[in-house]
Amino acid sequence: MIREEAILAPLTNFPPKKQLAFALLLFERMLPDLIHFSKDTSFDASCYLQAKDAAWKALRNGSVDQALNEACIRNAPDTENFSQGLTSYALNAALAMSDIAEFTVDGRADHIVNVLSLARDSVDLYLSSLKSPGVSSDEEDRRIAQHPLVQNEKSREEEDVKFLLELPDSFDENVTSILMARASAQSPLLPVRL
């Protein structure tokens with residue numbers, strides 16, 4: 001498991017716009033699995049893409065429309081109805097977007113913590129799926145904690161926090177553009193699976 005304390009301490013002191021920016025950077029890393037799932041299953045991911053766009057706009061002012069968030073919650077992929085291998089990852093991304101949308105309305109930091117937990121759960125789930133038979137739980141936990149994918153994600157989160165610390169607290173169009181460029185330049189949370 002990725003240690004949360006090192007990331008959560010500075011995040012809780014961030015102003016709301018920086019917390020939102022951190023969550024959006026995380027969501028953008030999770031999004032490829034939702035998109036891939038959508039293509040493989042014909043799942044309609046449009047409300048998540050609309051909510052993502054609305055959340056980026058909310059960085060400057062406003063919030064995500066509650067009706068859009070409710071549509072996203074209602075349409076979240078159900079692990080009981082899909083057997084596709086990316087279902088759980090797609091669900092985590094969908095739930096992360098819902099937490100982001102809720103954060104734009106109520107500003108509660110627990111939504112950002114949930115987004116962080118959902119991203120880390122996806123990494124843990126992926127690495128658990130690679131488990132070797134006959135390995136104890138303790139050995140498995142150590143293997144996951146030391147895995148390069150976990151270490152890489154932890155580093156990206158720390159780099160995002162440092163990057164956000166350098167930005168001004170109020171986001172104009174220029175700052176938002178810088179953040180969106182950073183988001184589009186990052187690699188996905190999990191290895192691309194075809």
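The values are calculated or read from the model by the stated rules, or taken from the named source; none is laboratory data. Being a predicted model, the structure only gives us computed values, none of them experimental. No Cβ is skipped: glycine too gets one built from the backbone with ideal geometry, and neighbour counts run over all protein chains shown.
Could you grab me the full set of residues in the range 34-55 that are out of contact with any Ser or Thr (no Cβ under 7 Å at 6 or more places or on another chain) and buried (at least 17 other Cβ atoms within 10 Å of the Cβ)?
Selection gives LEU34, ILE35, HIS36, SER38, THR41, PHE43, CYS47, TYR48, ALA51, LYS52, ALA54.
Among residues belonging to the range 184-194 that are under 19 Å from the mean Cα position of the chain (by Cα) and of a type in the set (A, V, I, L, M), point out the one that is surrounded by the most Cβ atoms within 10 Å (Cβ to Cβ).
Only one residue tops the list, namely LEU189.
Answer yes or no as to whether LEU127 is under 20 Å from PRO10 (Cα atoms) and in contact with a helix residue (DSSP H, G or I) (Cβ under 8 Å, 6 or more places away or on another chain).
The answer is no for LEU127.
Here are SER122, SER129: which of them is under 24 Å from GLU153 (Cβ atoms) and without any contact (Cβ under 8 Å) to a residue 12 or more places away in the chain?
The unique qualifying residue is SER129.
Working only within the range 119-167, note down all residues that are at positive phi and either among the aromatic types (Phe, Trp, Tyr) or modelled with pLDDT of 95 or more (or both).
Matches in the range 119-167: none.
Does the range 40-55 contain any residue that is among the acidic types (Asp, Glu), assigned to a helix (DSSP H, G or I), in contact (Cβ under 8 Å) with a residue 24 or more places away in the chain and farther than 19 Å from LEU116 by Cβ?
yes
Is it the case that some residue within the range 59-68 is within 30 Å of ASN174 (Cα to Cα), in contact (Cβ under 8 Å) with a residue 24 or more places away in the chain and out of contact with any helix residue (DSSP H, G or I) (no Cβ under 7 Å at 6 or more places or on another chain)?
Yes, the range 59-68 contains at least one residue that is within 30 Å of ASN174 (Cα to Cα), in contact (Cβ under 8 Å) with a residue 24 or more places away in the chain and out of contact with any helix residue (DSSP H, G or I) (no Cβ under 7 Å at 6 or more places or on another chain).
For residues in the range 69-89 being touching a helix residue (DSSP H, G or I) at 6+ places or on another chain (Cβ under 7 Å) and free of Cβ contacts under 8 Å to residues at least 24 places away in the same chain, which is farthest from PHE27 (Cα to Cα)?
Looking at residues that are touching a helix residue (DSSP H, G or I) at 6+ places or on another chain (Cβ under 7 Å) and free of Cβ contacts under 8 Å to residues at least 24 places away in the same chain, I get THR79.
For the range 126-140, does any single residue satisfy the condition of being out of contact with any strand residue (DSSP E or B) (no Cβ under 8 Å at 6 or more places or on another chain), closer than 13 Å to LEU26 by Cβ and either aromatic (Phe, Trp, Tyr) or part of a helix (DSSP H, G or I) (or both)?
no
Which residues, counting only those in the range 65-115, are buried (at least 20 other Cβ atoms within 10 Å of the Cβ) and not in a helix (DSSP H, G or I)?
PRO77, LEU86
Does the range 77-96 hold any residues that are out of contact with any Leu (no Cβ under 6 Å at 6 or more places or on another chain) and among the hydrophobic types (A, V, I, L, M, F, W, C), and which are they?
PHE82, LEU86, LEU91, ALA94
Any residue at all in the range 161-183 that's surrounded by 13 or more Cβ atoms within 10 Å (Cβ to Cβ), among the acidic types (Asp, Glu) and in contact with a helix residue (DSSP H, G or I) (Cβ under 8 Å, 6 or more places away or on another chain)?
Scanning the range 161-183 turns up no residue that is surrounded by 13 or more Cβ atoms within 10 Å (Cβ to Cβ), among the acidic types (Asp, Glu) and in contact with a helix residue (DSSP H, G or I) (Cβ under 8 Å, 6 or more places away or on another chain).
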